[in-house]
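Read the structure below first, then the notes.
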Amino acid sequence: MSGAVRKKVQRKFKMRGYSLKVDALDEVLSFVSRFEGAEDEAIDLLLDQLLHESLKSSIIDKEAMHRVISLLLEAEGAVEESESMVSSSSAIRVTDAFLVPKFRYDPIKKQYYEHTGSLPIHGAASAKAALYRDRFLLLFQRVSRDPHFAKPAFDTEMSHYGSCEIASIQSLIGQTGRRWVMGVISQLEDGHFYLEDLTAAMEINLSKAKITTGFFSENTIVVAEGEMLLEGIFQVTTCGFPPLEEREKSMKLLQGHDLFGSGILTKEDTLRLAELEKRAVNDMFVILSDIWLDNDEVMAKLETILDGFENVEVTPSLFVFMGNFCSHPCNLSFHDFSSLRLQFGKLGKVIGAHPRLKEHSRFLFIPGPDDAGPSTVLPRCALPKYLTEELQKHIPNAIFSSNPCRIKFYTQEIVFFRQDLLYRMRRSCLIPPSTEETNDPFEHLVATITHQSHLCPLPLTVQPIIWNYDHCLHLYPTPHTIVLGDKSEQKAFKYTGITCFNPGSFSNDSTFVAYRPCTQEVEFSAL
């Protein structure tokens, strides 16, 4: 046990007015050592439990400490017993995008508050403006905490690059010299690009800009350094995405708000789930994207995969089937809905023919960009009941969710998104991506969506989004894993601790992914 933890224990107990005898301290340290990576929560839990004890003195001896710890361990043991009866599938909570709570940032009070009231699908015009404002404020509050861009408390000598304090665009009028600004790139006139923040807009020239990794398209929010030219155009010299913030830091600042949508956990629950998660080393998700049910060859391949997993020792806890579920787009010219309904029924029979999988695994269906649904706008609602009824007769516990869709696995947050994003982001680029750090387009894509804290930062003309439900696409605080189903080739990229991967197109190149959430290990598979 490190000396740092020992000091932390003593400090926390002292703050609550307790002092520990040496043997009591050893008891505490052995208890805390069970919870690697969650020591703070474990100590807080002990202290909370001590409040319920009738202590004779503020100096705690081994006996009192032992009593408290054994109470906690007994409680944990009882919980474990009840949980060992429950299958690991109950550790998986699926959240539909339309049920994700909406939070707004108040720049004056510097805090988030939950939006109450209805969220109509057809928003008023003000909802479109709010969409951009909310995206901007989300990133602005993140940047304002970054030490590089924070305003210095005193006018001290700064380091060689000086303070990079962000100036509002309005304040640049009549100013000379280098300035840092933050804004949304927008095309207010054909061929002329502007940078907009909450105060004003100004024309920018990106021809000489040195850029960071990522796809810079219209609608992306950037932090740019440059100077105002006499003709009123801002000449950009360096341009990058707003810096990322560690997940733990974001979580602390959110003061218990649940932006992910899977419910708030108490300290005890978090500790218990973290402990159970460590033991869930055998849990595996099998993720397939593009499953054309109207193609016999694809169905035969899918059956081969299910046969394979039926005979392994530990069955996967979750199968994720992402669309498209048909080889032709289900648009106005598509007249085969009844046969598609039968094909879903056939898939139900195929799964039902594997008794172990049917009993021990769960099946999640996420629609693709060309699947049946009210429109191509994001987020997309779950597949229509008409199509899935037959399947559900065979697999009653199948889950049909929206696109994107969120899953909480014990303490881990995983986001699934099925969209051919790579091709569209590359097409929408205003500047060729920087090749300094990487040439891989998938890595540029991952950098873009994580820094933008948004799954689809494309112009609304390229990819429409329901204005009132844009928050469902936010990636803040950053999730542990992002699964980007795309028809491009299989890829995985671990970026600043976030695991991102594309399982590939099963119908085109027979690829899929086996993912172990416990170790965040991505296993590429192909037939």
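The values are calculated or read from the model by the stated rules, or taken from the named source; none is laboratory data. Here the structure is a predicted model, which means the values were calculated and not measured. With ideal geometry, Cβ positions are generated from the backbone for all residues, glycine too; neighbour counts draw on all protein chains shown. Just the protein is used for accessible areas: all its heavy atoms, side chains included, with ligands, DNA and RNA removed. Shrake-Rupley method; radii C 1.70, N 1.55, O 1.52, S 1.80 Å.
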Relative frequency of Cα-Cα separations exceeding 18 Å in the range 3-84, percent: 38
³J(HN,Hα) computed for each position of the range 24-32 - Karplus, 6.51 cos²θ - 1.76 cosθ + 1.60, integer Hz, glycine/proline x: 5, 4, 4, 4, 4, 5, 5, 5, 5
Accessible surface, 1.4 Å probe, highest first, among residues ARG380, ARG104, ARG6: ARG6, ARG104, ARG380
Per residue value of the accessible surface for the chain (all protein chains in place, 1.4 Å probe), Å²: 47
Inter-probe distance in nm under a simple model that places probes 7 Å from Cα toward Cβ, at SER207 and ASP269: 5.8
Cross-link reach list, aspartates and glutamates versus LYS62, counting only Cα pairs under 12 Å and skipping chain neighbours closer than eight places: ASP23, ASP26, GLU27
Amide hydrogen neighbours beyond the local backbone of TYR495, cut-off 5 Å, H modeled: CYS500
Value of relative contact order over the chain, rounded to a whole percent, pairs C-alpha under 8 Å and six or more apart: 16
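So, with a 1.4 angstrom probe, what is the percent of accessible area on the chain that is carbon and sulfur? Working shown, then result.
Numbers: 13080 of 24840 Å².
Reported share for carbon and sulfur atoms: 53 percent.
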Area accessible to solvent at ILE166, 1.4 Å probe radius, in Å²: 30
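Taking a 1.4 Å probe, which of THR237, THR95 shows the most accessible area, and what order do the others take after it? Don't jump to the answer; show the numbers that get you there.
Working: THR237 40, THR95 10 Å².
The ranking, largest first, comes out as THR237, THR95.
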Gain on full stretching of the segment that runs from GLU310 to GLU436 - 0.36 nm per residue minus C-alpha separation: 40.8 nm
With all protein chains modelled, accessible area of THR461 [1.4 Å, Å²]: 130
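Structure shown: which of LYS12/LYS249; LYS12/LYS252; LYS349/LYS487; LYS7/LYS56; LYS110/LYS278 lie over 29 Å apart, alpha-carbon to alpha-carbon? Intermediate results must be reported in sequence, preceding the final value.
Working: LYS12/LYS249 20 Å; LYS12/LYS252 18 Å; LYS349/LYS487 27 Å; LYS7/LYS56 25 Å; LYS110/LYS278 36 Å.
Table pairs above 29 Å Cα-Cα are LYS110/LYS278.
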Using θ = phi - 60° and Karplus 6.51 cos²θ - 1.76 cosθ + 1.60, couplings along the range 357-366 (whole Hz; Gly, Pro as x): 5, 4, 7, 9, 9, 10, 10, 10, 10, 10
Label-to-label distance, nm, for residues given as LYS8 and LYS62 (7 Å Cα→Cβ offset): 2.5
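How large is the Rg to Rh ratio of the range 408-462 when both quantities use alpha carbon positions and Rh follows Kirkwood? Show your work: numbers first, answer last.
Details: Rg = 13.1 Å, Rh = 12.8 Å.
Rounded to two decimals, Rg over Rh is 1.02.
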Accessible area, probe 1.4 Å, largest first, for residues ARG145, ARG427: ARG427, ARG145
Low-density loop positions, GluC sites (Glu not before Pro), the range 425-509 - DSSP coil, at most 15 other Cβ in 10 Å: GLU436, GLU437, GLU489
Structure-derived P(r) over Cα pairs in 20 Å bins from 0, in percent: which label, when the choices are (1) 16, 38, 25, 14, 5, 2, 0; (2) 19, 47, 29, 5, 0; (3) 20, 50, 26, 4, 0: (2)
THR237-ASP23 pseudo-label distance in nm [points 7 Å out on the Cα-to-Cβ vector]: 6.8
